[in-house]
Amino acid sequence: MQQLTLLLAALLQEPANERPRSTEELRPYAEARQTIDMVQLSLNFYEQSDEGGNPNVKEEVTILQPMLLLATKLSEDWNASLMLQGDAILGRTGSGASGSAAAGTAPAGGAGGGEEEEERDGAKDGNLEISEVQYTGVFTVGHRWTPYATMSAGLSLGNEEDYRSLGVHTRWLQETRDRNDAFLLRFSMYFDRLDVVTFDGTDLGEDERRTFSPGVGYTRVLDEKTVLSLGYDLTWQTGFLSTAKNSVVAAGSEVPEVLPDTRLRHSLTLRARRLVAEPLAVEPEAGIYADDWGARGAAAAVYLHWEAARGALILRPGIRYYAQTEVDDFLDPGAPSLPARRTQDSDLGTFHTRTLSLKATFLKSWLFGDELDLMADMAERSDGIRWFSVTIGFTWGGRE
Amino acid sequence: MRRVLALLLAAGLGGCTDVRPWEKQDLGRRVMQADDAPLETMFQNKIYLSRGVSGGRPGVAAGGGCGCSN
């Protein structure tokens, strides 16, 4: 009996340096999941309340967003994926509020003063109805050139009420032979066309916006329990970069927003993940941002990845803090004059944001699919804008 | 800020060692794997992009592809 007990104890105990059971475990901190058959359906809900921000613009937004991802392994070395996304932007009857935080256009329009207050009060009493539907599709093909190098490329199409987008993207991931380092090169371009319709309904015809964004990434296995990732992205934009429907109210008049027609943006992010205990990993993250419009930003976040029930449930609570300074052309409401370049878009202003999030992944779904994800985010911005989002995601396949 | 990041990077890389394949069992655990749900990550990143000037996560370039105001 005693021998049997010892044998059982030995079997249950995991050796510290056991060789991995599959090649999947040899992979470093890179995306392994896209190379195998998977279907993922995600239903997202976003609600933003307007208790601050730009006093001249309604910023209340509700969005329903279904997303579908189909990924398949075409052969040993080829894979493909298709992502489809729809955005139903909901406004209240009579409010005219529309726009998309998670999907696209910023809400705009409206006058200042008492009329605005009346409209907002009315909006709260109106019925929710779909004011705009937007579509996005992204197709990607991936190829493994060598056991250590993969490349992917693809196309994206987007269609909004006044906005059409065509994009191409490519990325190259190169791992070292010991798989302790991974280098990433990525590049994306967007050729967008938009109808310039100003806040008062004036149609100024078509214009274009072009975006070129190269980026590099580096991932390093620091030790048996820690991985570090570093990413840098440069974004160069030209064309019509204002938001057509945004207006600026100052010096007793309301005029369209006018912003420069070029923008250079830099974004640098550092994050790490460390297994601190058997079922618990911690992931700190920090990022800085700067652009030639004068905006500066910094973000810090910490996420925990906790396998609360072995093989059944992973919880990911997180907290994120973000702060930014306004662009040079930001104009305070009530400014005595109207400069040639001006904006009052609250997303381009000075503020800081605190976000709390919680995600639960059920490794054996009790609804549909093989896995079930539930995620909720709640954010509060220092200028009074608040939002929360809820996501439910179903996954079929995706793991060998 | 740049100096702090450079110091953190140097300290991190300077202290690392080459990890053998059979020592990576912990790195293969589910809680250590990145981007379990790409759609939810995309949705979350889009919110961050739309409600500020910065993307904030690696590989999330700001701008282009939609009528976002920023």
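The values are calculated or read from the model by the stated rules, or taken from the named source; none is laboratory data. The model shown is predicted, which means the values in this text are computed figures rather than measured ones. Every residue, glycine among them, receives a Cβ derived from its backbone with ideal geometry; neighbour counts consider all protein chains shown. The accessibility values were calculated without ligands, DNA or RNA, using every heavy atom of the protein model including side chains. Shrake-Rupley method; radii C 1.70, N 1.55, O 1.52, S 1.80 Å.
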Note to self: When you check A:T150 against the structure, is it within 11 Å of another protein chain (Cβ to nearest Cβ) and of a type in the set (V, I, T), yes or no?
What the structure shows: no
Checklist line | Pick from the stretch A:160-171, criterion at the interface with chain B (Cβ under 10 Å from one of its Cβ atoms) and not in a loop (DSSP other than H, G, I, E, B), ranking: nearest to A:I130 (Cα to Cα) | finding: A:E160
Notebook entry, point to check: Any residue at all in the stretch A:337-345 that is within 11 Å of chain B (Cβ to nearest Cβ), out of contact with any helix residue (DSSP H, G or I) (no Cβ under 9 Å at 6 or more places or on another chain) and of a type in the set (D, E)?
Noted result: yes
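This table checks each residue for (1) part of a loop (DSSP other than H, G, I, E, B); (2) without any contact (Cβ under 8 Å) to a residue 40 or more places away in the chain; (3) open to solvent by less than 20 Å² (accessible area, probe 1.4 Å).
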residue	(1), (2), (3)
A:W306	no, yes, no
A:A323	no, yes, no
A:L338	yes, no, no
A:L356	no, yes, no
A:L374	no, yes, no
A:M378	no, yes, no
A:S389	no, no, yes
A:W396	no, no, no
Checklist line | Wholly enclosed strands (runs of 3 or more DSSP E) of the stretch A:172-291 bearing at least 2 residues closer than 30 Å to A:L315 by Cβ | finding: A:181-197, A:203-223, A:226-239, A:262-277, A:280-291
Check: Only one residue in B:R57, B:R51 is at pLDDT 70 or above and either open to solvent by 40 Å² or more (accessible area, probe 1.4 Å) or facing chain A (nearest Cβ under 7 Å) (or both). Which one?
Finding: B:R51
Checklist line | Matching residues in the stretch A:231-283 - criterion: being touching a Ser or Thr at 6+ places or on another chain (Cβ under 6 Å), open to solvent by 40 Å² or more (accessible area, probe 1.4 Å) and under 30 Å from A:H305 (Cβ atoms) | finding: A:R271, A:R274
Notebook entry, point to check: out of contact with any helix residue (DSSP H, G or I) (no Cβ under 7 Å at 6 or more places or on another chain), modelled with pLDDT under 95 and aromatic (F, W, Y) - does that describe any residue in the stretch A:300-309?
Noted result: no
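In the set A:D347, A:D332, which member is within 20 Å of the chain's Cα centre (by Cα), at pLDDT below 95 and under 17 Å from A:G384 (Cβ atoms)?
Unique residue meeting the criteria: A:D347.
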